[in-house]
Amino acid sequence: MTQAHHRKRLIAGNWKMFKTPSETEAFIRALSEKLHGMAQPLSTWPEILVCPPFISLKLAWDTVDDTGKPILIGAQTMDSHEDGAFTGEISPKMLRSVCIRNVLVGHSERRQYFNETDETVSAKTRAALANDIRPIVCVGETLAEREAGQTDTVLTRQVNTALNGVSAEEMAFLVVAYEPVWAIGTGKVCDAAEANRVCHLIRTLIAGLTNSPTADQVRILYGGSVKPENFPELLTQSDIDGGLVGGASLDVDSFYQLISQAAYFSEGAIHGCRI
Ligand code: 13P
């Protein structure tokens, strides 16, 4: 019998540039209905986070408020400035004004298409923390970097830069998502043992930036082609605390299945019998 998993699971859906406000509302109502019928006790449920496009954030939050189900709503990015002449951007204060307390930071698509660097990821992480918004800091290597044997070097640079100067208390609050770029939207999931090895490396780096007890509390997610077919194996890994899900989070049935799988494994952990 392996040790029980002691960190609360987190299942986060990154919707990217999908779904209109009315589709968002319909999804949240449908998910709430499904959660209403969930067999596992509430204590085993993972934290559930949905990240729709900016235009739907307020409606998403209001819909959750109406259904009363424990669904968190997060943004997919934000600007690091308080306000200013930054056309098209959204500030932490604006997110807070519509009750948003979670934000993805440094997703690989932001790095690839919108020129975000380790330094901008660091600035956004600090801005989120300063505004009491929980950043989900995304890191991961490209296929070329993996094939060149640079995975650990790249991850070390990304983690050490993004989380530099973060206090132990802030570190325990934030979440890190390991998303190998070559696994995103490709159907090629990272081997579970290898994903766990990298997540363990990230935890070790966090311990170096703070201390071991803090690193032990930080939730680290895996992302990249997570589906109900491959998620259980990822959930049995010691250093993987949940998933950051793209495609499978757009369909209410598959997203609910992932939530229910996480609850099943947490239930097992609590009783010390399944994992
Ligand atoms: P997929 O689950 O579609 O591979 O996307 C992963 C992702 O980028 C989540 O942020």
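The values are calculated or read from the model by the stated rules, or taken from the named source; none is laboratory data. For clarity, every value in this text was computed on a predicted model and none was experimentally measured. Because the Cβ atoms are built from the backbone with ideal geometry, glycine has one as well, and the counts that use them run over all protein chains shown. Ligands, DNA and RNA are excluded from the accessible area calculation, which covers all protein heavy atoms including side chains. Shrake-Rupley method; radii C 1.70, N 1.55, O 1.52, S 1.80 Å.
Listing for the model above:
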| read-out | value |
| --- | --- |
| Amide hydrogen neighbours beyond the local backbone of V103, cut-off 5 Å, H modeled | A75, R134, I136 |
| Among A60, P41, M171 - extreme Cα towards positive end, dipole of the chain, charges at beta-carbon | P41 |
| About the Cα centre, charge dipole magnitude for the stretch 10-270 (Lys/Arg +1, Asp/Glu -1 at Cβ), debye | 180 debye |
| Candidates E147, E23, E116, ranked by Gaussian network fluctuation over the chain, Cα under 10 Å, top entry | E147 |
| Cross-link reach list, lysines versus K188, counting only Cα pairs under 18 Å and skipping chain neighbours closer than eight places | K227 |
| The stretch 1-63-the stretch 221-257 distance, computed between alpha-carbon centres (Å) | 12 Å |
| Surface per residue (accessible, 1.4 Å probe) for the chain, Å² | 43 Å² |
| Residue among L31, L143, L209 with the largest mean-square fluctuation in a Gaussian network model of the chain, springs linking Cα atoms under 10 Å | L143 |
| Extension gain, L42 back to M17 (0.36 nm per residue minus Cα-Cα distance, nm) | 5.9 nm |
| Set of aspartates and glutamates near K69 by C-alpha distance (under 12 Å), chain-local residues within fewer than 8 positions excluded | E33, E47 |
| Kirkwood Rh, Cα atoms: Rg over Rh of the chain | 0.94 |
| Percent accessible area from carbon and sulfur atoms, the chain, protein chains only, probe 1.4 Å | 54 percent |
| The stretch 76-92 residues near the modelled N115 label - backbone nitrogen below 14 Å, point 7 Å along Cα→Cβ | 87 |
| Pairwise FRET efficiency - D66 versus L143, Cβ, R0 = 30 Å, nearest 0.05 | 0.10 |
| 21 Å Cα-Cα reach of K93 towards lysines, excluding residues that sit fewer than 8 places from it in its own chain | K58, K124 |
